[in-house]
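Shown next, in structure tokens, is the structure this report addresses.
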Amino acid sequence: MVIRARARARTRSRAVRLAAALAALGTATLGLAAPAGATTGSSEPLDYVALGDSYSAGSGVLPLDATAPLLCARSTANYPHVVADRTGAKLTDVTCGGAQTKDFAASQYPGVAPQLDAVKADTDVVTLTIGGNDNNTFIGAILACGSAGVLSGGKGSPCKDANGDKFTKEIDDSTYPALKKALRDIKAKAPNARIGILGYPWIVPAKADPTCFAKMPIATGDVPYLRDLQAHLNSAVQRAASETGATFVDLAAASEGHDACKPKGTRWIEPVLFGTNFVPVHPNALGESGMADQALGVLKLG
């Protein structure tokens, strides 16, 4: 009986830590180098506008951008700042944690202009990462699978069993058309701009890692479920880019082996528990730098 009581206590303790970490994630998600002067052929620096959600904003990475609304949790180490530093571009950064595609055309928070307002006819480059918050896809899946993983002790696929194709259907039915509209709206405002939309770097590995459960309490059978969900979202982003004349910056190969289960210094994404960022399940500074590398290469900005 003593052993069982201790086991129950450990489970409750892990659940409390998980709940605290997921609360931080929910708050952030729902609330929240080339030579200098590289140009498109003139002596003027590139006019660069950065749009998007917390993966663009670098939410959770210090130092915070003092010019940004506090709820956006925007970092000066996010990939747009890295790109601008390496190219000498003139950056207008309106990225914001928790942003959805609808926040391009409407105010995300009182007093915060729609993100598309930053895009002008003479804008040279636009980058963005968006779509993960539409339908609460990321937060919904992480909350559901993390909670189910703790309750199941890491066994089976309780999240997949409970949710099935719910998340992928929402991506197909809602997120995908919203992505196409957002990219078309950007193109309409800046018809000559290079528009690069980044995929999301891998959060979980291709195969379950038993040693990762303490940091990412996802049941063994739900690891591939979450991986497939993320691949489905990235595929929707890629299709939307292809159909609107934007450029898809694929992070699948670059972020392989840098998921949240990897050790500090290797991982690009911080885990739910025992991570270094104040926002879990988001890119750290290394991840933002890696995303910048891909954007620079694919968009030929270097």
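Could you check Gly111 against (1) over 15 Å from the mean Cα position of the chain (by Cα); (2) not in a loop (DSSP other than H, G, I, E, B) and say which number it fails?
(2)
Go through Pro205, Pro224, Pro210, Pro217 for me and flag whichever is modelled with pLDDT under 95 and either surrounded by fewer than 24 Cβ atoms within 10 Å (Cβ to Cβ) or more than 18 Å from the chain's Cα centre (by Cα) (or both).
Of Pro205, Pro224, Pro210, Pro217, the one residue that is modelled with pLDDT under 95 and either surrounded by fewer than 24 Cβ atoms within 10 Å (Cβ to Cβ) or more than 18 Å from the chain's Cα centre (by Cα) (or both) is Pro210.
When residues of the range 109-134 are filtered for being touching a helix residue (DSSP H, G or I) at 6+ places or on another chain (Cβ under 8 Å) and surrounded by fewer than 21 Cβ atoms within 10 Å (Cβ to Cβ), how many remain?
Residues meeting the conditions: 6.
Which residues, counting only those in the range 242-260, are part of a strand (DSSP E or B) and of a type in the set (S, T, N, Q)?
Matches in the range 242-260: Thr247 only.
Within the range 190-201, which residues are surrounded by 17 or more Cβ atoms within 10 Å (Cβ to Cβ) and either within 11 Å of Thr123 (Cα to Cα) or aliphatic (A, V, I, L, M) (or both)?
Ala190, Ala193, Arg194, Ile195, Ile197, Leu198
Taking the range 269-302 as the region of interest, how many residues are farther than 23 Å from Gly196 by Cβ and of a type outside the set (A, V, I, L, M, F, W, C)?
Number satisfying all stated conditions: 6.
Only one of these conditions is not met by Asp117: (1) at pLDDT 95 or above; (2) of a type outside the set (Ser, Thr, Tyr); (3) in a loop (DSSP other than H, G, I, E, B). Which number is it?
(3)
Scan the helices (runs of 4 or more DSSP H) fully inside the range 125-238 and keep the ones with 3 or more residues being β-branched (Val, Ile, Thr).
Once the helices (runs of 4 or more DSSP H) in the range 125-238 are filtered for at least 3 residues that are β-branched (Val, Ile, Thr), what remains is 137-152.
Of the numbered conditions (1) within 23 Å of Pro201 (Cα to Cα); (2) modelled with pLDDT of 95 or more; (3) open to solvent by 30 Å² or more (accessible area, probe 1.4 Å), Ala77 satisfies every one except a single condition; which is it?
Single failed check for Ala77: (3).
Leu233 fails exactly one of the following numbered conditions: (1) hydrophobic (A, V, I, L, M, F, W, C); (2) open to solvent by less than 10 Å² (accessible area, probe 1.4 Å); (3) farther than 21 Å from Gln294 by Cα. What is the number of that condition?
(3)
Suppose the filter is within 20 Å of Asp85 (Cα to Cα) and more than 13 Å from the chain's Cα centre (by Cα); does Gly302 pass it?
yes
Can you work out which of the residues in the range 236-245 that are of a type outside the set (Asp, Glu) and open to solvent by 10 Å² or more (accessible area, probe 1.4 Å) is farthest from Ser157 (Cα to Cα)?
Gly245
Could you say whether any residue in the range 37-45 is at pLDDT below 95, farther than 21 Å from Gly132 by Cα and aliphatic (A, V, I, L, M)?
The answer is yes; a qualifying residue exists.
Of everything in the range 250-284, what is surrounded by 18 or more Cβ atoms within 10 Å (Cβ to Cβ), closer than 30 Å to Ala190 by Cβ and more than 13 Å from the chain's Cα centre (by Cα)? Give them in sequence order.
Ala254
Just need a number here: residues in the range 154-177 that are touching a Ser or Thr at 6+ places or on another chain (Cβ under 8 Å), of a type outside the set (Asp, Glu) and more than 17 Å from Arg227 (Cβ to Cβ).
Qualifying residue count for the region: 2.
The values are calculated or read from the model by the stated rules, or taken from the named source; none is laboratory data. Computed from a predicted structure; not experimentally measured. As a convention, Cβ positions derive from the backbone with ideal geometry for all residues, glycine included, and neighbour counts pool all protein chains shown. Surface accessibility is based on the protein's heavy atoms, side chains included, excluding ligands, DNA and RNA. Shrake-Rupley method; radii C 1.70, N 1.55, O 1.52, S 1.80 Å.
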